[in-house]
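Student: Handing you this structure, nothing more for now.
Derivation of every value follows stated rules applied to the coordinates shown; laboratory data play no part. Worth saying up front: this structure is predicted, and the values here are computed from it rather than measured. Here the Cβ is made from the backbone with ideal geometry for all residues, glycine too, and neighbour counts use every protein chain on show.
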Amino acid sequence: MNPSESLTLAFAAALLAGLVVKFWLASRQIRFVASHRNAVPAPFDRTVALSAHQKAADYTVAKARFGLLELAFGTAILLGWTLLGGLDTLNRALVAWLGDGMTQQLALLACFALIGGLFDLPFTLYQTFVIEQRFGFNKMTLKLWLLDLAKSTLVGTVIGLPITALILWLMGAAGSLWWLWAWTVWMGFNLLLLIVYPTFIAPLFNKFKPLDDVALKARVTALMQRCGFAAKGLFVMDGSKRSAHANAYFTGFGAAKRVVFYDTLLAKLSHGEVDAVLAHELGHFKHKHIIKRIGGMFALSLLGFALLGWLSTHVWFYTGLGVRPNLSGPNDALALLLFLMAVPVFSFFISPLFAQLSRRHEFEADAYAVQQTNGQDLSTALLKLYEDNASTLTPDPLFVRFYYSHPPASERLARMTMAGAAP
């Protein structure tokens, strides 16, 4: 068996195995959540209403069932792009129309993104205007949704086209170590985006106003000073115009860091609970989770670029994934697309390791918040957020281990109970 056939077989086997495992895990989640729908778990039976618990169960099951449809469709599309020759056909058509060169390569990437976006549209619309609407979370109008789509497409084009063109140019002009130069450019671009996003991009989609609650502002400022954290400002975002889900987050990097509260969060939590949620986020900075994640992203992306640099020089990489490489022109865009499609298929099986690391970070941030604020406030805030976001209290344990980046409520509150913060 030659390398091309080996890659085809390995890709097909990994794609099928991943599909089977994902269907099995989702089916377990659906059955487990549904079987616990009619009773609130003992640790929460005094604080969570049965109606709220049942809403969370129904919401979780609805999303999981819809996810199965998305999974089946996405797998079929991936197979169509690769082994069934879809990408090869698109590439050949663009070469015949535009000839070889940078224009054709950029057109290939743009057409691929456009077609993929069109395939995703029905699912996005259904998720927003059927599932989210049914459970009372969607606040968007079709007009706002279309406006967001137009803005995100424009921003993606303005930002993505130059960086993509630069990477394609490096692939063709920087020699055998092009991948190292491309990695350097890509990392610099991501760091720049962390600084630019909160000031120039996020305001295109949402309104941000300074936090004007004097008492809460004083409380939050004191907490940040106590924790040795400095931010450029405290802002409230009009998240309620799109969704009823509540959240708070840090954005930016270095001196451009901002603290952002959803208006929905401030409407649902007391000052002490907001304080506790913010302390949790500060815990991520205290334990250097953000720096560690950025460092991990640097390392993994370097490995990825190096692997792409090696694979892109082998004809079997293209033919093994259903594409005939161009004989008289560059194949850099083809290599990028095939790599981006193939890597998730193989890396899926190690994703639980990253989920486990993320859950560990959440536990550490919770512990820090309990030390810095009232643990009771953190417990009640988490319960409110789980309830308001309709997060199930009874997820399947194996599904959690495989997918959850945040620990389920029962595990988080059990840890806080051990630290003396029982709800």
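Student: Which order results if Y368, Y126 are arranged by neighbouring Cβ count within 10 Å, fewest first?
Tutor: Y126, Y368
Student: If you don't mind, another one. In sequence order, what are the phi-derived ³J(HN,Hα) couplings for the stretch 273-285 according to the Karplus relation 6.51 cos²θ - 1.76 cosθ + 1.60 with θ = phi - 60°, rounded to whole Hz, with x for glycine and proline?
Tutor: Along the stretch 273-285, the couplings run 6, 4, 4, 5, 5, 5, 4, 4, 5, 5, x, 5, 6 Hz.
Student: Kindly express, to the nearest 10 degrees and within the range 0 to 90, the angle between helix 3-35's C-alpha long axis and the longest C-alpha principal axis of the chain.
Tutor: 20 degrees
Student: Compute and list, largest first, the equivalent-ellipsoid semi-axes of the stretch 50-104 from the alpha carbon gyration tensor, each √(5λ) rounded to a whole angstrom.
Tutor: 44, 12, 5
Student: What 222 nm value per residue comes from the helices of the chain, counting each DSSP H run with n ≥ 4 as -39,500 (n - 2.57) and dividing by all residues, nearest 500 deg cm²/dmol? Mind dumping the intermediate values first?
Tutor: Working: 16 runs with 286 residues, N = 423.
Calculated mean residue ellipticity at 222 nm is -23000 deg cm²/dmol.
Student: Please name which of L90, Q54, A150 has its Cα lying farthest along the dipole of the stretch 10-151 towards the positive end, using unit charges on Cβ (Lys, Arg +1; Asp, Glu -1) and the Cα centre as origin.
Tutor: With unit charges placed on the Cβ atoms, the residue in question is Q54.
Student: Could you tell me which residue out of V214, L79, G283 lies farthest along the dipole of the chain toward its positive end? Charges go on the beta carbon: Lys and Arg +1, Asp and Glu -1, centred on the Cα centre.
Tutor: V214
Student: Hey, another quick one. With θ set to phi - 60° and the Karplus curve 6.51 cos²θ - 1.76 cosθ + 1.60, what are the ³J(HN,Hα) couplings of the stretch 393-401 in order, to the nearest whole Hz, using x for Gly and Pro?
Tutor: Residue by residue, the stretch 393-401 yields 8, 10, x, 5, x, 6, 4, 4, 4 Hz.
Student: Right, something else. What is the distance in Å between the Cα centroid of the stretch 179-236 and that of the stretch 112-144?
Tutor: Here the answer is 28 Å between Cα centres.
Student: Placing unit charges on C-beta atoms (Lys and Arg positive, Asp and Glu negative, everything else neutral), compute the dipole magnitude of the chain about its Cα centre in debye, rounded to 20.
Tutor: For this selection, approximately 600 debye.
Student: With 13 Å as the cut-off, how large is the P(r) tail for the stretch 1-45, expressed as percent of Cα-Cα pairs?
Tutor: Pairs farther apart than 13 Å: 68 percent.
Student: In addition: Can you tell me the order of 196-202, 177-183 when each peptide is scored by its average per-residue count of other Cβ atoms within 10 angstrom, highest first?
Tutor: So the peptides 196-202, 177-183, ranked by packing, come out 177-183, 196-202.
Student: Could you give the nm distance between label points at Q133 and A12, where each point is 7 Å from its Cα heading toward the beta carbon?
Tutor: Rounded to a tenth, the inter-label distance reads 4.2 nm.
Student: Moving on to the next point. Which ordering of L84, L15, L413 is given by a fewest-first count of other beta-carbon atoms within 10 Å?
Tutor: L84, L15, L413
Student: Among rounded, prolate and oblate, which fits the stretch 153-229 when a ≥ b ≥ c are the square roots of the eigenvalues of its C-alpha gyration tensor, a/c under 1.5 means rounded, and a/b larger than b/c means prolate?
Tutor: On the way: a/c = 8.47, a/b = 2.21, b/c = 3.84.
It comes out oblate by the Cα gyration axes.
Student: Charges at C-beta only: +1 for Lys and Arg, -1 for Asp and Glu. How large is the resulting dipole of the stretch 165-294 about its Cα centre, in Debye rounded to 20? Working shown, then result.
Tutor: Details: 15 positive and 7 negative charges, 34 e Å.
That gives a dipole near 160 debye.
Student: While we're looking at this one, here's another question. In a Debye calculation with equal point scatterers on the alpha-carbon sites of the chain and no solvent, what is log10 I(q)/I(0) at q = 0.10 Å⁻¹?
Tutor: Values, matching the q order: -0.85.
Student: Follow-up question, since we're still on this one. Which entries of K257/K384; K55/K257; K217/K286; K22/K241; K143/K217 show an alpha-carbon separation above 31 angstrom in the structure shown?
Tutor: Over 31 Å Cα-Cα: K55/K257; K22/K241; K143/K217.
Student: Counting just the Cα atoms, what span does the stretch 64-199 cover along each of its three principal axes? Round to the nearest Å and put the largest first.
Tutor: 54, 43, 26
Student: So for the stretch 18-85, averaging the separation of alpha carbon pairs under 8 Å that are six or more residues apart and normalising by length, what relative contact order in percent results?
Tutor: Values: 30 pairs, mean separation 27.4, N = 68.
Here the relative contact order equals 40 percent.
Student: May I ask what percent, to the nearest 5, of DSSP beta bridges between residues of the chain are antiparallel?
Tutor: That works out to approximately 65 percent antiparallel.
Student: Give me a comma-separated list of calculated 3J(HN,Hα) values for the stretch 94-109, in order, Karplus coefficients 6.51, -1.76, 1.60 applied at θ = phi - 60°, integers in Hz, x for any Gly or Pro.
Tutor: Once θ is set to phi - 60°, the couplings for the stretch 94-109 become 6, 5, 5, 7, 10, x, 7, x, 5, 4, 5, 5, 5, 5, 5, 5 Hz.
Student: I want the local charge near G375. Using Cβ-Cβ distances under 11 Å, sum +1 for each Lys or Arg and -1 for each Asp or Glu among the other residues. Provide the component values of the computation, followed by the final result.
Tutor: Working: positive: R415; negative: D366, D377.
That sum, taken over residues with Cβ under 11 Å, equals -1.
Student: Roughly how far apart, in whole Å, are the Cα centres of the stretch 333-353 and the stretch 19-34?
Tutor: Rounded to whole Å, the Cα centres lie 23 Å apart.
Student: If you place +1 on the Cβ of every Lys and Arg, -1 on the Cβ of every Asp and Glu, and leave all else neutral, what size is the dipole of the stretch 259-316 about its Cα centre, to the nearest 20 Debye?
Tutor: 280 debye
Student: As I understand it, the dipole of the chain uses +1 on the Cβ of Lys and Arg and -1 on the Cβ of Asp and Glu, about the Cα centre. Which of Q133, L192, V343 lies farthest toward its positive end?
Tutor: Projecting each Cα onto the dipole axis, the largest value belongs to Q133.
Student: How do M416, M341, M237 rank when sorted from fewest to most other Cβ atoms within 10 Å of their own Cβ?
Tutor: Exposure proxy ranking, most exposed first: M341, M416, M237.
Student: Shifting gears a bit: Can you tell me the FRET efficiency between F189 and A39 if r is taken as the Cβ-Cβ distance and R0 is 51 Å, rounded to the nearest 0.05? Working shown, then result.
Tutor: Values: r = 50 Å, r/R0 = 0.99.
That gives a FRET efficiency of 0.50.
Student: Using only the Cα atoms of the stretch 347-388, what are the Rg and Dmax in Å?
Tutor: 13.6, 40
Student: Just the number, please: percent antiparallel of the DSSP beta bridges in the stretch 123-271, rounded to the nearest 5.
Tutor: Expressed as a percentage, antiparallel bridges in the stretch 123-271 total about 65.
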